[in-house]
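Below you'll find the structure, written out as structure tokens, and then a few comments.
Coordinate-derived values only; no laboratory data. Everything numeric in this text was worked out from a predicted model, so none of it was measured. Neighbour counts are summed over all protein chains in view; Cβ atoms, including those assigned to glycine, are modelled from backbone coordinates with ideal geometry.
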Amino acid sequence: MPGRGRRGGGSNGGAPPGRGGARPPRQQPTRVGAPDWNRDPQVGFDPEVARAAREQEAPRRSWRDRVPERPAWSRGTGGGRRGWSWPKRIGAVLAVLLLFVVGFGIYLDTQMTRIGALPEYEGSASSGTNWLIIGSDSRAGLTEATEEQLSTGEVDGSRTDTMMLVHAGGFGGQTSLTSLPRDSILPIPGHGRGRLNSAYSIGGPELLVQTIEEAADIEIDHYAEIGFEGFAGMVDAIGGVEMCLDEPLDDPKAGIDLPAGCQELDGPSALGFVRSRAFPNADLQRIQNQRKFLSALISEASSPLVLLNPFRIIPFANSAIGTLKVDDSTHVWNLASLGFAMRSLSGGSGVTTTVPVDLSSSVSGGVVWDRRDSQQFFDAIREDEDIPQDLISGG
């Protein structure tokens, strides 16, 4: 009788497998849908089956999982938000600066004192823009200590210590600064002939403007007047102005004793320099000094060291605005336009001169304008043309 083996009968009966006969090959388990094509060459490669097998073995990662993490220095600080790019940062800084400039400009505009300086009649039409700039010797608002520091002296009321006509030409036009001697003998409307500065004493800025307009046959568009304290404060705010003197200048009335050579003038010294009349030709030399100093002041105030330094430009603007008087139509942007035009004076492309005078004529110690030359001079300004070279003087 045949013996029974463990697997259904074999000649070796119940002998353990592997000792009396060969064990049948054991089949390796395979996963459904995942044939082992590496071990069974009879199985072909199916891309779809391979993809299904990979998805079963490991879940597919999203594109966010595959993006490398950004460095900590480039990430934002809150809630996983990205930091601003450099263009955005620069734009934000420029926006803040623009808001500050606009806000500061509006503030300065509200601080200006406006007066009725321009007459109510229609003057002679002029091209370009004409400014009458006045340096007043008014002591109003000055303390005794300030008057002593600035050597203002004791004078009742106020007078015009300096008078300048600035013509800002149109597009491509010439910018000129013309000094008007305060001792000029001119017809004063309604008051006969007299010194130009007496027009201010008699009828204030309005009569002064009318006197100049009728004498020069031009129209003045804007009026600006600054006092002693404001002028000195402007100089101190920018750290002083360098001036080079050919000769020493000692004038006790102006409170100065300046040696020859180059030196830095502070506010009080600068004020004394532009006011001093201790010269043989008195007012004419003083006018030349005023133009020389004004050019240096404009050059210093418009330098990047001042314009880009808030600790200088803000006190400078406050000092100028604090004692400034302008006509009713003038605003801070008009003053900015004036300052831009006057930069050409310090750069050499503009003209600084004095109204042509007749040195052979003298009326009670005053100055008489040359009738023919002054008419030709102001004709050029009125028509926004270059002033003839032979009419430009240094004194």
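Of note:
- Using the Cβ of MET112 as centre and a radius below 13 Å, the other residues enclosed give a net charge of -2, where K and R count +1 and D and E count -1.
- Cβ-Cβ distance of GLU120 and HIS331, R₀ of 30 Å, FRET efficiency by 1/(1 + (r/R0)^6): the value works out to about 0.90.
- Peptides ranked, highest mean first, by Cβ atoms within 10 Å: ranges 85-92, 128-135: 128-135, 85-92
- Antiparallel beta bridges, as assigned by DSSP with both residues in the stretch 114-391, represent about 70 percent of the total such bridges.
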